[in-house]
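K.L.:
First the structure, which I've put down as structure tokens, then a few questions once you've had a look.
The values are calculated or read from the model by the stated rules, or taken from the named source; none is laboratory data. Remember, it's a predicted structure, so these values are computed and weren't measured experimentally. Don't worry about glycine lacking a Cβ; one is built from the backbone with ideal geometry, like all the others, and counts go over all protein chains shown. Remember, those area values only see protein heavy atoms, side chains included, never the ligands or the DNA or RNA. Shrake-Rupley method; radii C 1.70, N 1.55, O 1.52, S 1.80 Å.
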Amino acid sequence: MTSSGTNPEEPAAAGRAGAWDMLLPAASAPARARGRALQAALREAVRAGRLAPGTRLPSSRELAADLGVSRGLVTEAYEQLTAEGYLRSDRGAGTWVGGAVRAADPLVRDLAPRSPGARTDFLPGTPDLSLFPRAAWSAAQRGVLAELPHHTLGYPDPRGLPRLRSALAELLTRRRGVVADPERVMVVSGVAQATTLLGFVLHARGVRAVGVEDPGSPDHGALYASAGLGVVPLPLDDEGLDSGALRASGVRAVVTTPSHQFPSGIAYSARRRAELLDWARSVDGLVVEDDYDGDFRYDRAPVGALQGLDPEHVAYTGSVSKSLAPGLRLGWLLVPASFAEEVVERKRTMDLGNPVIDQALLARFVERGDYDRQLRRCGRAYRERRDTLVTALAEHLPGTEVSGIAAGLHVIATLPDRYGPPQRFLASAAGAGVAVRPLSDYTRTPAGDDVVRLVLGYAHVSPARIREGIRLLATATRPG
């Protein structure tokens with residue numbers, strides 16, 4: 001084919017062959033589908049840039065003869081694509097590729113978070129995805145597809161399937177000590193959506209700032225910001241959130257991780273829990289409880305959720321991200337009665353509810369005891385890995401202090417002064433291919449010292465890799 005500016009008497013025989021090659025499958029399609037196939041092939045050639053803007057197409061007679069199809073079929077294709085803007089036609093001057101189309105980007109990018117390609121990755125927050133119960137999940141899926149009534153495949157209750165809400169209410173009451181009325185349980189796409197939903201409702205009520213733990217999860221600030229809310233960092237001590245700072249801040253909503261504070265690893269004391277609830281009652285405020293890993297406690301039974309003490313001032317949220325897989329995007333939100341109607345309406349307008357089959361699958365998984373078995377399996381694996389990590393730190397980085405309760409998927413490791421300053425330590429670790437994250441990444445208040453404090457995730461690392469990774473870290477960062 002020729003482009004504009006070339007001799008129109010030269011149909012560019014060399015270029016024609018390539019163009020016809022891409023149209024030949026359409027020309028050989030079944031007769032009834034041949035016209036649509038030809039239109040689709042021409043449209044895709046323009047989109048992909050194989051037919052550049054300004055390229056003159058052969059006459060309908062020439063193209064029909066070369067492809068072995070009727071002239072009317074080609075004429076119809078030209079007319080249709082001209083109407084859509086892909087082609088332009090000048091009376092007496094032929095048909096050309098239009099200039100309105102831009103070639104599509106042929107690359108399909110994957111923006112999912114990935115580990116940095118280190119030899120050993122101790123970054124926190126990731127479970128062991130190889131523990132996902134594929135066989136049990138597959139069996140549950142087959143069972144659900146066989147028994148799910150047709151009518152349930154319509155738009156669901158935005159709160160979630162009644163079956164799943166009932167199953168979650170029983171599970172959370174039994175395992176986490178919450179007050180869980182199925183009517184106030186909402187199925188969400190993880191803690192992130194629960195946080196955003198609450199943020200939108202708070203904003204609609206006139207709230208403009210939310211208190212957050214410092215140190216704490218950086219995601220909380222970003223999620224509330226997406227709802228138009230600012231965040232006020234609130235300091236912690238060894239018992240939990242500083243209640244004096246909370247009262248002085250003037251906020252009326254605060255997000256907390258009381259069962260296993262992230263990232264410090266402490267559990268709020270009974271006194272500090274009581275003070276937090278006293279504050280909420282005194283200002284008619286809201287405590288958002290992010291129970292991100294409350295099922296994983298290794299030295300004793302898990303402490304019950306804060307929500308069980310005052311369900312009218314605590315919104316409770318959690319998910320299967322640490323117990324099954326974050327890619328499932330399934331979680332739950334329990335809201336005080338005074339928030340329920342507004343949160344449900346916001347959920348309705350946000351996404352019309354979560355996928356029905358996934359909800360039914362999780363409900364069956366919980367009802368049949370598979371979820372409890374998965375929690376026990378993960379708990380055994382993660383406890384072993386935590387013990388391995390603590391032992392390896394003591395052996396290869398003597399003097400390292402591991403703080404926080406024996407729970408969750410990470411530890412805080414404070415190294416002796418001789419390993420500072422942090423910048424040098426982190427550079428040496430990266431050079432050795434060991435990915436670690438400093439505690440300073442999670443705090444809004446600089447520590448102001450040269451002590452190396454690390455947040456080490458271990459759940460996704462095998463015991464052998466943990467031992468090898470800590471050995472590499474020690475060798476690369478050896479003082480002097």
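K.L.:
Among all residue pairs at least 6 apart or on different chains, which show Cβ distances below 7 Å where the first residue, located in region 459-480, is closer than 12 Å to ALA118 by Cβ and free of Cβ contacts under 8 Å to residues at least 60 places away in the same chain and the second is surrounded by 17 or more Cβ atoms within 10 Å (Cβ to Cβ) and among the basic types (Lys, Arg)?
P.N.:
Close Cβ pairs satisfying both conditions: none exist.
K.L.:
Which number in (1) under 25 Å from HIS410 (Cβ atoms); (2) open to solvent by 10 Å² or more (accessible area, probe 1.4 Å) marks the one condition that GLY265 misses?
P.N.:
GLY265 satisfies all of (1) under 25 Å from HIS410 (Cβ atoms); (2) open to solvent by 10 Å² or more (accessible area, probe 1.4 Å) except (2).
K.L.:
Of all residues in region 60-117, count the ones that are among the small types (Gly, Ala, Ser), under 28 Å from PRO30 (Cα atoms) and within 40 Å of the chain's Cα centre (by Cα).
P.N.:
1
K.L.:
Contact list please: Cβ distance under 8 Å, first residue in region 229-252 and more than 16 Å from ARG273 (Cβ to Cβ) and free of Cβ contacts under 8 Å to residues at least 24 places away in the same chain, second residue crowded, with 18+ Cβ neighbours inside 10 Å and hydroxyl-bearing (Ser, Thr, Tyr), pairs at least six apart or on different chains.
P.N.:
GLY230/TYR224; VAL231/TYR224
K.L.:
Please enumerate the residues belonging to region 109-142 that are among the acidic types (Asp, Glu), in a loop (DSSP other than H, G, I, E, B) and within 16 Å of ARG386 (Cα to Cα).
P.N.:
ASP128
K.L.:
Take region 361-393 and flag every residue that is farther than 19 Å from ASP293 by Cα and touching a Ser or Thr at 6+ places or on another chain (Cβ under 7 Å).
P.N.:
LEU393
K.L.:
Continuing with the same structure: Which condition breaks for VAL314 when tested against (1) over 22 Å from ARG176 (Cβ atoms); (2) of a type in the set (A, V, I, L, M, F, W, C); (3) in contact with an Asp or Glu (Cβ under 6 Å, 6 or more places away or on another chain)?
P.N.:
Condition not satisfied by VAL314: (1).
K.L.:
Here's a follow-up. Among the residues of region 74-89, is any assigned to a loop (DSSP other than H, G, I, E, B) and either among the aliphatic types (A, V, I, L, M) or in contact with a Cys (Cβ under 7 Å, 6 or more places away or on another chain) (or both)?
P.N.:
No: region 74-89 contains no residue that is assigned to a loop (DSSP other than H, G, I, E, B) and either among the aliphatic types (A, V, I, L, M) or in contact with a Cys (Cβ under 7 Å, 6 or more places away or on another chain) (or both).
K.L.:
Could you tell me which of the residues THR391, THR414, THR400 is of a type in the set (S, T, N, Q), out of contact with any Phe, Trp or Tyr (no Cβ under 8 Å at 6 or more places or on another chain) and loosely packed, with under 15 Cβ neighbours inside 10 Å?
P.N.:
THR391
K.L.:
Does any residue of region 202-211 turn out to be in a strand (DSSP E or B) and either among the hydroxyl-bearing types (Ser, Thr, Tyr) or open to solvent by 30 Å² or more (accessible area, probe 1.4 Å) (or both)?
P.N.:
Yes, region 202-211 contains at least one residue that is in a strand (DSSP E or B) and either among the hydroxyl-bearing types (Ser, Thr, Tyr) or open to solvent by 30 Å² or more (accessible area, probe 1.4 Å) (or both).
Every residue, every condition in (1) on the phi > 0 side of the Ramachandran plot; (2) assigned to a loop (DSSP other than H, G, I, E, B); (3) buried (at least 16 other Cβ atoms within 10 Å of the Cβ), yes or no:
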site	(1), (2), (3)
GLN39	no, no, yes
ALA52	no, yes, no
ALA65	no, no, no
VAL69	no, yes, yes
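K.L.:
Residues to consider are LEU334, LEU309, LEU328; find the one that is surrounded by fewer than 21 Cβ atoms within 10 Å (Cβ to Cβ), in contact with a Lys or Arg (Cβ under 9 Å, 6 or more places away or on another chain) and modelled with pLDDT of 95 or more.
P.N.:
Residue meeting the stated conditions: LEU309.
K.L.:
Next question, about the same structure. In region 417-474, how many are among the polar types (S, T, N, Q), farther than 21 Å from ILE266 by Cα and either touching a helix residue (DSSP H, G or I) at 6+ places or on another chain (Cβ under 8 Å) or crowded, with 19+ Cβ neighbours inside 10 Å (or both)?
P.N.:
Going through region 417-474 one residue at a time, the tally reaches 2.
K.L.:
Let me ask something else. Tell me, which residue of region 343-388 that is acidic (Asp, Glu) and surrounded by 15 or more Cβ atoms within 10 Å (Cβ to Cβ) is nearest to VAL201 (Cα to Cα)?
P.N.:
Ranking the candidates gives ASP358 first.
K.L.:
Scan region 229-253 for residues that are open to solvent by 50 Å² or more (accessible area, probe 1.4 Å) and assigned to a loop (DSSP other than H, G, I, E, B) and jot them down.
P.N.:
Scanning region 229-253 gives ASP238, GLU239, ASP242, GLY250, ARG252.
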